[in-house]
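Below is one structure, written out as structure tokens; comments come after it.
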Amino acid sequence: MSVRIIALATAAALAHTPAAFAQAHHGQHGMPMPTQGEQAPQDPHAGHRAPAQDEPQARPPESADPHAGHDAPPASPTTADPHAGHAAQPAPSTAADPHAGHSAQPASPTVADPHAGHGAPGETPSHGVAGTALPAGDAPPPPVPADFYADRSFSPSEMARARAGERREHGGGIYSQVLFNLLEYRATGNGGSYHWDMETWIGGDINQLTIKSEGEGAFRGGTDRADLQLLYSRAIDPYWNLQAGVRYDFKRSRSYAAVGVEGLAPYWFELEGTVFLSDRGDVLARFEGYHDMRLTQRLLLQPRAEMNLSAQDVPRDRLGSGLTNVELGLRLRYEIVREFAPYIGVAWERRFGGTARYARADGEDVGGATFVAGVRLWF
């Protein structure tokens, strides 16, 4: 009897096992399975329940709501998004924009180009032109400042003394030089002759006192010519001096008033020209110049020329009118130091016109070339 009851109970349990398993499985998701012969419940919230604290939230069902499934972003993401906070860019329009990708240019440059629009004369101005390609301007220079802050604190006498000291230190001092441009021996007859040409000056940048001397003579016959000039020299520009003073001729015992210019011409030509008026009314002129051509750092070649003229015949001085004589020379010197330079060379002299006639009448040579050797020195 008991065996039969146990068999019937086991068969009944096996008959209800699939339905119980299905009901238990779907019950875990909140949707109970209907039993056989039952309809599904019509409650719209059937099967929806709040998720448990430990289990994940179920995926929401699909619906027609366009915002369905959009959750609010978390307050602070655990991982930094490199594009966080970047708004999405609008999609480009389908029509082609002719200016697409062109950024707007500023109306005017932020920094003015100092050479903008400057060009060489006769050319179209362009950027980048500078230096000597710029056209010459005629704008007046800025005024020299006349107000100094120190004048507010010191008296005029103290400022004058300070400025005088500055001028002495920066070009306003007193300077001097003694220069023997020629101090030489000439291989002429009767034992040879000597010749000198020297100049010395003392003064500042503008005003100077200048002394010049020139002459020649024979070693066995005495001095043939010697003169001394005492001149006031004033700078008329950075390269030229105006000179005026007196000249005295020792051989003829005659005085002259002298006016002339001396300076440095372009290409480094040293030039000098002087007009003399004697105490007897005779007018003479002298022009001379030379140029130093540097062959090496110590070796120099100096061509030199001197020309004398007379406005009238001066029989007592054996001078004819016009060009009286010309002397040309070429000297090669070696500068042991700048202040001391021995040289050798050749000099050629020729008398002209009435002066040549006076020389022939006195039995003298009209001209010729001679060897020279000497030293150029200054201190």
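Determine, yes or no, whether residue 304 is at pLDDT 95 or above, surrounded by 16 or more Cβ atoms within 10 Å (Cβ to Cβ) and closer than 17 Å to residue 197 by Cα.
yes
Return a yes/no flag: does region 231-248 have any residue that is surrounded by fewer than 13 Cβ atoms within 10 Å (Cβ to Cβ), of a type in the set (Phe, Trp, Tyr) and at pLDDT 95 or above.
Scanning region 231-248 turns up at least one residue that is surrounded by fewer than 13 Cβ atoms within 10 Å (Cβ to Cβ), of a type in the set (Phe, Trp, Tyr) and at pLDDT 95 or above.
Got a number for residues in region 140-162 being open to solvent by less than 100 Å² (accessible area, probe 1.4 Å), at pLDDT 90 or above and assigned to a loop (DSSP other than H, G, I, E, B)?
2
Say we look at region 249-283 and pick out the residues that are hydroxyl-bearing (Ser, Thr, Tyr) and surrounded by fewer than 16 Cβ atoms within 10 Å (Cβ to Cβ); which of these is modelled with the lowest pLDDT?
This residue is 253.
Pairs, please: C-beta under 8 Å, at least 6 apart or cross-chain, first residue on the phi > 0 side of the Ramachandran plot and free of Cβ contacts under 8 Å to residues at least 60 places away in the same chain and in region 171-189, second surrounded by 11 or more Cβ atoms within 10 Å (Cβ to Cβ) and of a type in the set (D, E, K, R)?
171/205
Can you confirm whether residue 333 is touching a residue at least 40 places away in the same chain (Cβ under 8 Å) and either part of a strand (DSSP E or B) or touching a helix residue (DSSP H, G or I) at 6+ places or on another chain (Cβ under 6 Å) (or both)?
Yes: the conditions hold for residue 333.
Restricting to region 238-273, give me the number of residues that are in a loop (DSSP other than H, G, I, E, B) and either of a type in the set (Lys, Arg) or touching a Lys or Arg at 6+ places or on another chain (Cβ under 8 Å) (or both).
Going through region 238-273 one residue at a time, the tally reaches 2.
Quick check on my filter: what residues within region 214-230 are open to solvent by 70 Å² or more (accessible area, probe 1.4 Å), part of a strand (DSSP E or B) and either more than 18 Å from residue 181 (Cα to Cα) or in contact with a Cys (Cβ under 9 Å, 6 or more places away or on another chain) (or both)?
Answer for region 214-230, where residues must be open to solvent by 70 Å² or more (accessible area, probe 1.4 Å), part of a strand (DSSP E or B) and either more than 18 Å from residue 181 (Cα to Cα) or in contact with a Cys (Cβ under 9 Å, 6 or more places away or on another chain) (or both): just 224.
Determine if region 206-213 includes at least one residue that is open to solvent by less than 40 Å² (accessible area, probe 1.4 Å), of a type in the set (D, E, K, R) and either without any contact (Cβ under 8 Å) to a residue 40 or more places away in the chain or more than 30 Å from residue 256 (Cβ to Cβ) (or both).
Taking every residue of region 206-213 in turn, at least one turns out to be open to solvent by less than 40 Å² (accessible area, probe 1.4 Å), of a type in the set (D, E, K, R) and either without any contact (Cβ under 8 Å) to a residue 40 or more places away in the chain or more than 30 Å from residue 256 (Cβ to Cβ) (or both).
Given 137, 165, which one is free of Cβ contacts under 8 Å to residues at least 12 places away in the same chain and either within 21 Å of residue 206 (Cβ to Cβ) or open to solvent by 90 Å² or more (accessible area, probe 1.4 Å) (or both)?
Just a single option satisfies the conditions, and that option is 165.
Can you find, within region 307-324, the residue that is surrounded by the fewest Cβ atoms within 10 Å (Cβ to Cβ) among those that are of a type in the set (S, T, N, Q) and within 54 Å of the chain's Cα centre (by Cα)?
308
The values are calculated or read from the model by the stated rules, or taken from the named source; none is laboratory data. Given the structure is predicted, the values throughout are model-derived calculations rather than measurements. We place every Cβ from the backbone using ideal geometry, glycine too, and count neighbours over all the protein chains shown. Accessible surface areas use protein heavy atoms only, side chains included; no ligands, DNA or RNA. Shrake-Rupley method; radii C 1.70, N 1.55, O 1.52, S 1.80 Å.
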